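Here is the structure we will look at.
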Amino acid sequence: MPLTIYNTLSRSKEEFHPIDPDLVRMYVCGPTVYGHMHIGHAKSYVSFDIVRRWLMHRYGQEGVLYVMNITDVGHLVGDGEEGEDKVEAQARRENRSPYEIAAYYEESFWDDMKDLNSLMPDRIPHATDFIRQQIKMTEELIAKGVAYESNGSVYFDVNAYQQQEKAEGMIPYGGLSNRKVEDQTGGERIEANPEKKNPQDFALWKRADEIHFMQWYSPWGWGYPGWHLECSVMSSFYLGKTFDIHGGGIENQFPHHECEIAQSQAVNDAPFVRYWMHHNMVNVSGQKMGKSLGNASNVKELIAEVGAMALRFFIAQSHYRSPLEYDPDAIVAAGSGFERLRGTITRLREVIGSDLETRVAGIDANPEVKEVFDKFSAAMDDDFNTPVAIGYLFEGVSNLNKLLAANSQDRSLLEAYNSLFTIAFEQVLGMDFSAEDGRGGALADDLMRLIIDLRANARETKDFATADQIRDALKDAGVVLEDGKDGTRWGMTSS
RNA sequence: GGUGCCGUGGCCGAGCGGUUAGGCAGAGGUCUGCAAAACCUCGUACAGCAGUUCGAAUCUGCUCGGCACCUCCA
């Protein structure tokens, strides 16, 4: 069964076929690093992490080249009128240099990404490392007649670009976001920039004034690159003129992605991207979450409160193209679901042996497991429908719980379930079942064994007061005891 | 004004013409010394109105409500 992806270009699901059948080339818009990660970022990067993992499942570990940029140069609000450079503004607030700000928040970003168990991209280009290339591309665009210098800045000439002959498969300006230039009431909400020929023209290179900290020398004087340019330059540097998938937030469809397409196609004479994937926003009480709205919830705080896997699971339980309603209780609820999962898998691995954790075989030989896996795969193939995929996996969880409760000795079947959950939950969905356990190693195991034995003695002599005292005290310390037929299990309470 | 999207049971969230989505929470039960965990049972939800259809949460129209983009933002 083929993988289908919703392509923003066609506004429909399309079968996915990479240009190179052995290598999927994928680029995702990374963050501008001037603040800590919020839940909106988490939805974006967890969603695409899962996309990437599913592609790796289908095309192999080496079958995906995943590039994410870091925007470490600030950009003004709008093209060419007064505004604040986000990074520089933050630098002023913190009394640090813009470079320190970018480095600090980038590190914070990757820390959170690791906590969320997202794989590192294969390439992580930084805008400031590609200034030469951005200047070069700007020169080329001028040479091609689709850009012009004006008062030390350079603008992309949308009109000239539209007049140009387009090669087969190239996207006209406005083709991604379904906009017509003449419909945009430019000039109403932003003041027309007199440096531009037309309001829809966008900056490739901006003249810097003296107070601007981040600036570079160019053929047009001191300045800094326009926002859209870095993605065009860095994506083609690693992925070629035409590549398979470009991911990003729905709010960047226009103008950012539209501009990327125009400038890339103009300079390369080739189609830019074949599949555009856009994820939806996180809302807070029906409203978009955003830094500028002051309602953004910090990921570090949330991880400390409910655990990273609760957050990841919360995100995976909705579809990437749907808006997600932020609700602290809903995240806690997701955490409870995750704990149920972890309980089942922990018990399974106690039965079949932990050395089998990564063993992935035997699914096909067990019809009931295969059925779950096939449904899971079909859901993932259907535009990465993780909520439906997870729904099917929970069928498997219930089945397995029954087997475990009945003390099943069917090793082949149990191992098949282990394979199913290893692949589906751990490898594809990126759930980490060891993440928040923190059981404290061998010493803790020995100590707990001792305590559990003492308590067992008490229970045997029907000294339930002592037994309960031990259990209650451990509970206060964050340790849960569960008495079963074959003895007592212990674990850490979550969060 | 232009371009799109959405309104599902207590909460989150799938669904895209006809069979239980799923998770969480809640109620009852089984098991247990008591718990916990697990298992079993339980909720007949789809903003409103009108239409198409044998049949609509799912298609059409209207109404109401909400959101996003057109300005930096995941």
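Things to note:
- Selection of first residues in segment A:308-325 that are more than 19 Å from A:Asn117 (Cβ to Cβ) and of second residues that are more than 8 Å from RNA strand B (Cβ to nearest atom) and part of a helix (DSSP H, G or I), restricted to Cβ pairs under 8 Å at least 6 apart or on distinct chains, gives the following pairs, ordered by first then second residue: A:His319/A:Thr386.
- Any chance A:Val64 is crowded, with 21+ Cβ neighbours inside 10 Å, under 17 Å from the mean Cα position of the chain (by Cα), under 21 Å from A:Val428 (Cβ atoms) and within 12 Å of RNA strand B (Cβ to nearest atom): no
- If you go through segment A:98-150 and keep only what is in contact with a Leu (Cβ under 6 Å, 6 or more places away or on another chain) and among the hydrophobic types (A, V, I, L, M, F, W, C), you end up with just A:Ala147.
- Test: residue in segment A:437-447 that is among the hydrophobic types (A, V, I, L, M, F, W, C), within 13 Å of RNA strand B (Cβ to nearest atom) and without any contact (Cβ under 8 Å) to a residue 40 or more places away in the chain: no
- Residue within segment A:185-204 that is closer than 22 Å to A:Tyr6 by Cα and crowded, with 24+ Cβ neighbours inside 10 Å present: no
- Filtered residue count, segment A:392-431, keeping only those that are within 30 Å of A:Asp115 (Cβ to Cβ), buried (at least 17 other Cβ atoms within 10 Å of the Cβ) and free of Cβ contacts under 8 Å to residues at least 40 places away in the same chain: 4
- Segment A:476-492, subset loosely packed, with under 13 Cβ neighbours inside 10 Å and near RNA strand B (Cβ under 10 Å from one of its atoms), residue farthest from A:Met448 (Cα to Cα): A:Lys485
- Residue match in segment A:80-94 (condition: outside any helix (DSSP H, G or I) and buried (at least 18 other Cβ atoms within 10 Å of the Cβ)): yes
- Qualifying residue in segment A:269-277 (condition: at pLDDT 90 or above, outside the structural domain of A:Pro172 (by TED's automatic domain parsing) and small (Gly, Ala, Ser)): no
- Members of segment A:224-276 that are touching a Cys at 6+ places or on another chain (Cβ under 9 Å), surrounded by 23 or more Cβ atoms within 10 Å (Cβ to Cβ), not in a loop (DSSP other than H, G, I, E, B) and not hydrophobic (A, V, I, L, M, F, W, C): A:Ser232, A:His246, A:Gly247, A:His257, A:Glu260, A:Ser264
- Residue count for segment A:320-346, restricted to those that are charged (D, E, K, R) and at pLDDT 90 or above: 4.
- Take the conditions (1) more than 25 Å from A:Gly63 (Cα to Cα); (2) modelled with pLDDT under 95; A:Gly249 misses just one of them, which is (1).
The values are calculated or read from the model by the stated rules, or taken from the named source; none is laboratory data. Since the structure is predicted, the reported quantities are computational estimates derived from the model, not experimental observations. Glycine gets a Cβ as well: all are built from the backbone with ideal geometry, and neighbour counts include every protein chain shown.
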